[in-house]
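Please read the structure below before turning to the comments.
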Amino acid sequence: MFGEQECPKVSRRAREITPFIAMDVMETAQAMERNGESIIHLEVGEPDFDTPECIKEAAAKALRDGKTHYTDSRGLIELREAVAQHYGRQYGVTASPEQVLITSGTSPAMFMLFSALLEPRQEIIISDPHYACYPNFIQFVQGKPVRVQVYEEDGFQYRPEEIGKKIGAETKGIFINSPSNPTGTLLSAERMQALARFDPYIISDEIYHGLVYGEQEHSILEFTDRAFVLNGFSKLYAMTGWRLGYLIAPREFIRPLQKIHQNFFISANSISQWAGIAALNQAQADVARMRDLYNQRRILMIDRLKKMGFGLAVEPTGAFYVLANAKAFHQDSYRLAFDILKKAKIGVTPGIDFGSGAEGYLRFTYANSIERIEEGMERLKNYLEQERFKNIL
Ligand SMILES: Cc1ncc(COP(=O)(O)O)c(C=O)c1O
């Protein structure tokens, strides 16, 4: 009778969550693969690399040593210390292990953070475009995402003066994500400094830190202590399946966050936590190797996309994404992405997944091999030539 979206038995909160379209594209592509079709995956932001050996070895050792129990709900002290040292080494900031809380990925950390921060209807400023899931996390705990437009010619980074106009009595936080998903661009130190002067907390998703090509990324903790850092192991260490992340929070939030964690998650996975210590302390050479390869792929993809006529006002220099302006081909990114999947057999994510500010864009990820990217770009070129020729797009 009802689709799940309308069924009144399903809570409004659950019905109102929008799908993560990148996942919808991937799942459609996988169904096509099961029918024998060959698909090039450029849609989902997941490293194609296997987790480095030193990390796997640390996990195997933890298993052998019987480290298979719940840990402290805040996480292993050894890992919290390693995180604090990493921030000290990398950015010269002092974060105490007491301010670190280990979670099963950045996503649960986000859920906990907004649960601890927001009363109903309180507001968090986010950019448009933004990572697809941000508004859903905020709305799920009855908060309100307030979108601030960012522009292609600025590398999609905030203009602090536009944020100033949106700050009101209900504004609890300003969300930043540099290097950013979906844009692959970075927020400059000057703009971060300007944002740190505003009253609301800054919430900084630093999950793509370390994946930068030529530019220097900055932690928000270099500019203010009135901030929350979200970070995790999924991207830099190719550990998406291990489900490991963390939150660095002002001290007054730690006990409330700990209580939320105890109730809803108990603790993060113990084996993954031992692996995380090795990632932070031993995997530098592996990270450098993966970063070099990402950079080669980035250069190749940008070159090919530009030659095909996609718009790129500012070249992305971080994460592993290119948000390319596809308005010369079609305005409706959802239709375009699924048409590309159907006819050219390439998975790409429609810009609309990341907010109305990215409508008319497509997000490509270069977390795939050079050979696959080359094949994908060739298929895309042929597709665009054919479709333009037939004039049906
Ligand atoms: C910007 C951003 N934040 C958070 C996440 C979630 O990461 P995790 O695997 O740590 O939950 C992602 C995953 O794609 C992301 O792109």
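The values are calculated or read from the model by the stated rules, or taken from the named source; none is laboratory data. Model, not experiment: these values are computed from the prediction. Note that we place each Cβ from the backbone using ideal geometry, even for glycine, and neighbour counts take in every protein chain shown. Note: accessible area is taken over every heavy atom of the protein model, side chains too, but ligands, DNA and RNA are not part of it. Shrake-Rupley method; radii C 1.70, N 1.55, O 1.52, S 1.80 Å.
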Kirkwood-type radius of segment 310-367, with distances r between different C-alpha atoms, in Å | 11.4 Å
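Compute the length gained on full extension between HIS69 and GLN284: take 0.36 nm times their separation in residues and subtract their Cα-Cα distance, giving the result in nm to one decimal. Numbers along the way, then the final one.
Values: separation 215, 0.36 × 215 = 77.40 nm, distance 2.84 nm.
Here the segment from HIS69 to GLN284 would lengthen by 74.6 nm.
Please get the size of the charge dipole for segment 161-290, origin at its Cα centre, with Cβ charges of +1 on Lys and Arg and -1 on Asp and Glu, quoted in debye to the nearest 20. It would help to have the intermediate numbers written out before the result.
On the way: 12 positive and 13 negative charges, 88 e Å.
Dipole size: approximately 420 debye.
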Alpha carbon convex hull of segment 7-131, volume per residue in cubic angstrom | 251 Å³
Give me the accessible area per residue for the chain, probe 1.4 Å, as a whole number in Å².
-> 43 Å²
The alpha-carbon pair-distance distribution computed for segment 66-194, with 10 angstrom bins and whole-percent values, is 11, 33, 36, 17, 3, 0
Cα-derived Rg to Rh of segment 1-62, Kirkwood definition = 1.20
Provide Rg and Dmax in Å for the chain, with only Cα atoms included in the calculation.
-> 21.0, 64
For the residue pair GLU215 and GLU190, what label-to-label distance in nm results when each label sits 7 Å from Cα along the Cα-to-beta-carbon direction?
-> 1.4 nm
Go through ILE40, TYR70, PRO19 and say which Cα lies farthest out towards the positive end of the charge dipole of segment 1-76; charges sit on Cβ, +1 for Lys and Arg, -1 for Asp and Glu.
-> TYR70
For helix 106-117, report the angle its Cα long axis makes with the longest principal axis of the Cα atoms of the chain; keep it between 0 and 90° and round to the nearest 10°.
-> 60 degrees
So which lysines can LYS342 reach, going by Cα to Cα under 30 Å and dropping same-chain residues fewer than 8 places off?
-> LYS235, LYS306, LYS307, LYS327, LYS381, LYS390
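State the extension gain, in nm to one decimal, for the chain segment bounded by SER96 and ALA169, taking 0.36 nm per residue of separation less the distance between their alpha-carbons. Provide the component values of the computation, followed by the final result.
Numbers: separation 73, 0.36 × 73 = 26.28 nm, distance 3.08 nm.
In short, 23.2 nm is gained.
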Assign unit charges at the C-beta atoms only (+1 for Lys and Arg, -1 for Asp and Glu), then state the dipole size of segment 1-146 relative to its Cα centre in Debye, rounded to the nearest 20.
-> 600 debye
All other residues with a Cβ under 10 Å from the Cβ of PRO145 taken together, and with Lys, Arg as +1 and Asp, Glu as -1, what is their net charge?
-> 0
For segment 246-353, what is the largest minus smallest coordinate of the Cα atoms on each principal axis, given in angstrom and ordered from greatest to least?
-> 52, 34, 27
Spelling it out for THR103: with amide H atoms placed in the peptide plane at 1.01 Å from N, the residues 5 or more places away or on another chain with amide H under 5 Å from its amide H are GLY245, TYR246, LEU247
